[in-house]
1. Kindly evaluate ARG162 against the criterion of being closer than 15 Å to LYS144 by Cα, basic (Lys, Arg) and over 17 Å from the mean Cα position of the chain (by Cα).
2. Out of the stretch 118-147, which residues are open to solvent by less than 50 Å² (accessible area, probe 1.4 Å), at pLDDT below 90 and β-branched (Val, Ile, Thr)?
3. Considering (1) modelled with pLDDT of 90 or more; (2) loosely packed, with under 13 Cβ neighbours inside 10 Å, say which one THR113 fails and leave the rest.
4. Given (1) touching a residue at least 24 places away in the same chain (Cβ under 8 Å); (2) over 13 Å from the mean Cα position of the chain (by Cα), identify the lone condition not met by ARG54.
5. Please work out which residue is surrounded by the fewest Cβ atoms within 10 Å (Cβ to Cβ), limiting yourself to the stretch 1-37 and to residues that are touching a Lys or Arg at 6+ places or on another chain (Cβ under 7 Å) and outside any loop (DSSP other than H, G, I, E, B).
Amino acid sequence: YRKHELCVSTYQMCILLLFNEADTLTLGQIRSKTHIPDLELRRHLISLCTPKHRILRKGSRGRGISSDDDTFTYNPEYSSKLKKVRIPLVKESSVTKGGDAASGSTGAASAATSAVDGSVPLPVEEDRRHLVEAAIVRIMKARKALNHNDLIAEVTRQLSVRFNPSPQFVKKRIESLIEREYLERSLEDHRVYNYVA
């Protein structure tokens, strides 16, 4: 086995330490053992289950955590090219999206952290992110699979009436959708994206 050094938050460390004693735990069990607040616990667990950093495997399908009975299993097959791996936290809006009224306020807060460049006001940039992500999901839902360049070209074509997103901006939105499990990279060709139903 190749050893990896994981750079994680304190909450993520507390969660991972539990898997020294058991291979599989439910959300309820993890909460009762760690006493981490529910929203933070879900956010930190989802961060450990993303396609890019699947340290844990989530038992249920889909992007969120549905109930206290959702299971999380240590993934012994995890590997990375890097020896030192930083596990980033997903945005709060990814956890609360569609779940409750809190999602509205967290979305606004996360917008403040990432402007495309200084020339675009944050509210405009936030709108553009949503427009690009909606276009990507709409295209991928119809096509099911598409390679990187074709997807960027199609997104740019569809949004050209409103504004012209840069390829880098579209790529960032694709990466965000992969992290939130709307899309996944093809196993045969990493330049091809598949839509996750």
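The values are calculated or read from the model by the stated rules, or taken from the named source; none is laboratory data. Because the structure is a prediction, the values reported are computed rather than measured. Reconstructed Cβ throughout: ideal geometry from the backbone, glycine too, with neighbour counts over all protein chains shown. Side chains included, ligands, DNA and RNA excluded: accessible areas come from the protein's heavy atoms. Shrake-Rupley method; radii C 1.70, N 1.55, O 1.52, S 1.80 Å.
1. Working: closer than 15 Å to LYS144 by Cα: no; basic (Lys, Arg): yes; over 17 Å from the mean Cα position of the chain (by Cα): yes.
No; evaluated as a whole, the condition is false for this residue.
2. VAL120
3. The number of the failed condition is (1).
4. Result: ARG54 fails condition (2) only.
5. Of the stretch 1-37, the ones touching a Lys or Arg at 6+ places or on another chain (Cβ under 7 Å) are 4-5, 7, 18.
Those still in the list that are outside any loop (DSSP other than H, G, I, E, B) too: 5, 7, 18.
Numbers: GLU5: 9, CYS7: 11, LEU18: 15.
That would be GLU5.
Residue-by-condition table, conditions (1) closer than 22 Å to SER60 by Cα; (2) not polar (S, T, N, Q); (3) not in a helix (DSSP H, G or I):
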site	(1), (2), (3)
GLU126	no, yes, no
GLU133	no, yes, no
LYS141	yes, yes, no
LEU151	no, yes, no
THR156	no, no, no
PHE163	no, yes, yes
GLN168	no, no, no
LEU177	yes, yes, no
LEU187	yes, yes, yes
